[in-house]
Amino acid sequence: MAKQRAGFLWTGTMVLALCVAHAQTPQQIIQQVVDAEHAADENDHSQWVYLEEIHKPKEQVLQWVAATPQGEVQRVLEKNEQKLSASQQRDLIQNFLHDPRAQKKQISESDHDNKQIDDLLRLLPIAFVWTQTDATATNTALHFEPAPHFHPPTREAHVFSSMAGDIVVDNQQHRVLSMSGHLIHEVTFGGGLLGKLKEGSSFSLEQAQVGPSLWQLTAVHVRLEGNALLFKSISLQQDDKRSDFEPEPATITLDEAATKVMTEAEPVNF
């Protein structure tokens with residue numbers, strides 16, 4: 001019996017030692033997350049139809065969105081609490097399909113914002129000091145504060161690195177589940193002449209797995225008090241929720257997306 005207990009004790013000690021040996025620092029966890037997010041951005045060419053609800057101070061939109069490699073086809077169901085008829089919805093879609101400038105502008109803004117996000121993600125391991133605040137079998141929660149000796153290379157990095165906040169990551173796939181941050185002090189550019197963001201300005205976002213190893217952004221909340229534009233397609237005050245994701249062929253065209261998006265049912269309880 002004593003030998004059995006000694007064997008259990010030895011096994012437990014070895015397991016504990018292995019766990020300690022493989023334990024990651026918060027900085028290493030974040031680097032793994034950044035690598036996983038970057039790889040997904042490079043390699044995930046999936047396309048999706050989803051329901052989107054956008055709230056801005058002067059605009060509210062409910063729409064189905066069908067993504068394609070050439071841009072997004074948007075079927076606007078409601079705008080500023082006014083329902084659009086089926087013919088109005090089709091007219092807006094057809095206007096977009098016959099407007100190369102609008103398509104080009106949409107793609108340009110999307111590419112700009114995606115690069116912006118990728119650049120900011122790459123700053124996470126070096127622009128902040130990280131501490132682990134919680135951990136479960138599936139998720140890990142971390143808190144971040146500005147690194148005192150980091151020198152931001154761009155205006156956007158200057159804003160981002162002046163924030164403190166929290167992030168929750170998926171332990172298995174190393175993807176971001178949620179992230180939130182707020183400015184801990186006012187940020188100005190050119191003495192305030194080129195732009196200013198007030199202390200307390202904040203953002204949050206959520207991601208979810210929508211398919212095997214496939215993740216999509218499901219919510220963005222932005223509350224920036226000031227006049228410094230960071231993203232081309234996101235307002236300083238905006239709530240964006242996305243749901244009901246359905247996969248599409250990776251090679252879907254704009255015309256096919258237009259047909260697809262018109263077949264989606266109008267949602268209830270909106």
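Some notes on this structure:
- At R0 = 30 Å, FRET efficiency that the Cβ-Cβ distance of Gln209 and Val61 yields, to 0.05: 0.70
- Where only DSSP H runs of four or more residues are counted, the chain gives -11500 deg cm²/dmol as its mean residue ellipticity at 222 nm, each run worth -39500 (n - 2.57).
- The C-alpha atoms of the chain define a longest principal axis, and helix 2-22 lies at about 40 degrees to it.
- Computed over the stretch 45-106: relative contact order in percent, which uses C-alpha pairs under 8 Å that are six or more apart: 23
- Treating r as the C-beta distance of Asp91 and Thr251 and R0 as 25 Å, the FRET efficiency rounds to 0.40.
- Stretch in the chain that is longest and holds no GluC sites (Glu not before Pro) that DSSP places in a loop and that have at most 15 other beta carbons within 10 Å: 82-185
- Angle between the chain longest axis and helix 26-43 axis [Cα atoms, degrees, rounded to 10]: 40
- Separation of the Thr136 and Asn43 label points, Cα + 7 Å toward Cβ, nm: 2.7
- Distance between the pseudo-spin-label points of Gln24 and Glu199 (7 Å out from Cα toward the beta carbon): 3.5 nm.
- Once the Cα-Cα distance is subtracted from the 0.36 nm per residue extended length, the Glu81 to Thr154 segment shows a gain of 22.4 nm.
- Chain lengthening between Arg122 and Ser110 when straightened (0.36 nm per residue, less Cα-Cα): 2.5 nm
- Estimated distance in nm for a label pair at Glu266 and Glu145, the labels positioned 7 Å out from Cα along Cα-to-Cβ: 5.3
- Each Lys and Arg Cβ is given +1 and each Asp and Glu Cβ -1; about its Cα centre, the chain then shows a dipole of about 500 debye.
- For the stretch 26-262, the relative contact order comes to 24 percent (Cα pairs under 8 Å, sequence separation of at least 6).
- For the chain, the longest principal axis of the Cα atoms and the long axis of helix 100-127 meet at an angle of about 20 degrees.
- Whole-number Å³ per residue for the convex hull built on Cα positions in the chain: 178
Bear in mind these aren't lab numbers, they're just calculated from the coordinates by the rules spelled out. No experiment lies behind these values; they were computed from the predicted model shown. Please note: Cβ atoms are built from the backbone with ideal geometry, for glycine as well, and neighbour counts cover all protein chains shown.
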